Amino acid sequence: MSFKDIIKQYEDFNIKDHFSKVTLEDVDKSLKKDKLSENDLLNLLSPVAAERIEEMAQLSHKKTVQYFGRTISLYIPLYISNYCSNGCTYCGFHAESKMKRSKLSLAEIEEQAIIISKTGIKHILFLTGESEKATPISYLVEVVKLLKKYFPSISIEIFPMSVEDYSTLKEAGVDGLTVYQEVYDREIYKVVHPYGRKRDYDFRIETPERGAEAGFRLVNIGALFGLGDIASEAFYTAIHAKYLDDKYPNTEIAVSLPRINSAENEFEQEYRLDDQTFVQYLTAFRLFLPRVGINISTRENAEFRDNVLPLGVTRYSAGSKTEVGGYGEQDDDNVPQFDISDTRSVDETVKMIEEKGFQVVKKDWELINE
Ligand code: SF4
């Protein structure tokens with residue numbers, strides 16, 4: 001069964017009604033298990049589980065060390081274009097925005113790559129707005145070939161593609177795909193994606209699978225917390241990751257928990273994920289998904305990132321800029337996609353991670369043989 005069909009089965013599921021029946025005893029039983037079911041996941045996401053947050057944090061830390069050691073992998077994002085044909089209501093890059101658009105030439109990308117490579121990080125994530133016209137696959141292939149000279153590991157966060165096109169990019173040197181569903185609630189999805197290719201919920205929800213089918217070694221999914229009911233979105237993100245992890249054992253699945261930044265397109269937020277609930281969900285994810293990577297980006301502030309580091313995180317972005325070609329000198333009108341909260345340099349981030357007793361991994365992948 002496809003994940004699209006699985007999620008349809010939950011159409012009449014009311015998570016609040018379900019939570020109203022969860023007791024502390026249920027939570028304790030779930031915490032004693034080594035392998036958690038979907039029902040256990042719901043127990044740990046329920047408001048009553050907040051009373052066990054200390055215990056969840058300890059178990060989550062233990063499980064993470066068991067599966068990943070005391071390591072944090074670093075990656076660095078590079079925005080290469082902000083042209084976009086979608087109308088996401090929560091993003092300043094949407095197609096009707098009057099902002100200045102730009103797309104880096106190959107020479108400009110090489111300048112950025114040289115600056116970034118000096119940090120020692122060997123995993124780059126390059127991003128575009130979603131415009132097949134401005135950033136066609138022919139351009140993306142050339143970008144990958146160029147970045148390959150500097151980075152053994154290249155991930156993409158671009159418009160969703162077919163398996164064939166992902167295979168072309170894999171052939172060129174891409175090994176990781178990041179694609180967020182943004183919001184799993186179909187009705188909200190329609191409202192916040194009023195036009196553009198992204199409006200197609202089903203095409204998007206099957207994108208991680210097309211990436212895994214194409215053979216990427218890493219597929220990173222997530223919901224943008226703040227668009228829909230936070231507990232439901234956490235639940236669907238976790239079962240989506242479990243589905244992918246079970247179906248594609250040769251693909252490393254990872255989840256992100258981005259929280260919408262209030263500065264983004266002046267979006268009015270109805271739902272908010274507070275810090276304590278974030279920690280509860282993060283640790284619930286780890287206990288339900290022991291093998292799955294968990295990624296915390298610089299959307300979160302430095303203090304919060306420092307605090308959650310030992311609780312289940314395996315991957316951090318560092319020294320990030322979210323303007324197109326954001327490394328090096330900048331024009332004042334170069335607008336970021338969202339504001340960075342943790343503005344520390346790569347060296348400062350590395351220092352913090354090491355002070356917490358974790359080992360920094362700047363390179364975790366190199367393809368030796370085809
Ligand atoms: S979130 Fe992505 S697809 Fe949506 S408007 Fe922004 S850049 Fe475009």
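If you check SER256 against the conditions, is it under 23 Å from VAL219 (Cα atoms) and in contact with a Pro (Cβ under 8 Å, 6 or more places away or on another chain)?
no
Checking the conditions here, which among VAL183, VAL174, VAL141 is touching a residue at least 12 places away in the same chain (Cβ under 8 Å), within 27 Å of TYR271 (Cβ to Cβ) and crowded, with 17+ Cβ neighbours inside 10 Å?
VAL183
Quick one: would you say ALA284 is in contact (Cβ under 8 Å) with a residue 60 or more places away in the chain, of a type in the set (A, V, I, L, M, F, W, C), surrounded by 21 or more Cβ atoms within 10 Å (Cβ to Cβ) and assigned to a helix (DSSP H, G or I)?
yes
Please identify the pairs in which a residue from the stretch 67-82 that is part of a loop (DSSP other than H, G, I, E, B) has its Cβ atom under 9 Å from the Cβ atom of a residue that is within 16 Å of the ligand (Cβ to nearest atom) and among the acidic types (Asp, Glu), counting only partners at least 6 apart or on another chain.
Close Cβ pairs (under 9 Å, with a partner that is within 16 Å of the ligand (Cβ to nearest atom) and among the acidic types (Asp, Glu)) amount to ASN82/GLU323.
Is it true that THR135 is surrounded by 15 or more Cβ atoms within 10 Å (Cβ to Cβ), at pLDDT 95 or above and within 12 Å of the ligand (Cβ to nearest atom)?
yes
If you go through the stretch 327-336 one residue at a time, do you hit one that is modelled with pLDDT under 95, surrounded by fewer than 18 Cβ atoms within 10 Å (Cβ to Cβ), small (Gly, Ala, Ser) and part of a loop (DSSP other than H, G, I, E, B)?
yes
Do we find a residue being farther than 29 Å from GLY228 by Cβ, more than 16 Å from the ligand (Cβ to nearest atom) and surrounded by 14 or more Cβ atoms within 10 Å (Cβ to Cβ) anywhere in the stretch 81-102?
Within the stretch 81-102, not a single residue is farther than 29 Å from GLY228 by Cβ, more than 16 Å from the ligand (Cβ to nearest atom) and surrounded by 14 or more Cβ atoms within 10 Å (Cβ to Cβ).
I'm checking my understanding of the structure. Among residues of the stretch 103-112 that are assigned to a helix (DSSP H, G or I) and of a type in the set (A, V, I, L, M), which one is nearest to the ligand (Cβ to nearest atom)?
Step by step, filter the stretch 103-112, then rank; the result is ILE109.
What is the one condition in (1) within 11 Å of the ligand (Cβ to nearest atom); (2) crowded, with 17+ Cβ neighbours inside 10 Å that PRO77 does not satisfy?
(1)
Could you check, for the stretch 38-58, whether at least one of its residues is within 16 Å of the ligand (Cβ to nearest atom), among the small types (Gly, Ala, Ser) and in a loop (DSSP other than H, G, I, E, B)?
Checked the stretch 38-58: no residue is within 16 Å of the ligand (Cβ to nearest atom), among the small types (Gly, Ala, Ser) and in a loop (DSSP other than H, G, I, E, B).
Any idea which residue in the stretch 37-59 is nearest to ASP347 (Cα to Cα), counting only those that are small (Gly, Ala, Ser) and surrounded by fewer than 24 Cβ atoms within 10 Å (Cβ to Cβ)?
ALA57
For the stretch 113-129, state whether one or more residues are over 26 Å from LYS363 (Cα atoms), within 16 Å of the ligand (Cβ to nearest atom), in contact with a strand residue (DSSP E or B) (Cβ under 8 Å, 6 or more places away or on another chain) and modelled with pLDDT of 95 or more.
Yes: the stretch 113-129 contains one or more residues that are over 26 Å from LYS363 (Cα atoms), within 16 Å of the ligand (Cβ to nearest atom), in contact with a strand residue (DSSP E or B) (Cβ under 8 Å, 6 or more places away or on another chain) and modelled with pLDDT of 95 or more.
Take the conditions closer than 29 Å to HIS193 by Cβ and hydrophobic (A, V, I, L, M, F, W, C) and apply them to VAL324. Does it pass?
So VAL324 passes the test.
ASN261 versus (1) within 29 Å of SER102 (Cα to Cα); (2) touching a strand residue (DSSP E or B) at 6+ places or on another chain (Cβ under 9 Å): which is the lone unmet condition?
The failed condition is (2).
The values are calculated or read from the model by the stated rules, or taken from the named source; none is laboratory data. Predicted, not measured: the structure shown is a model, and the values here were computed from it. Glycine also receives a Cβ, built like all others from the backbone with ideal geometry; neighbour counts cover every protein chain displayed.
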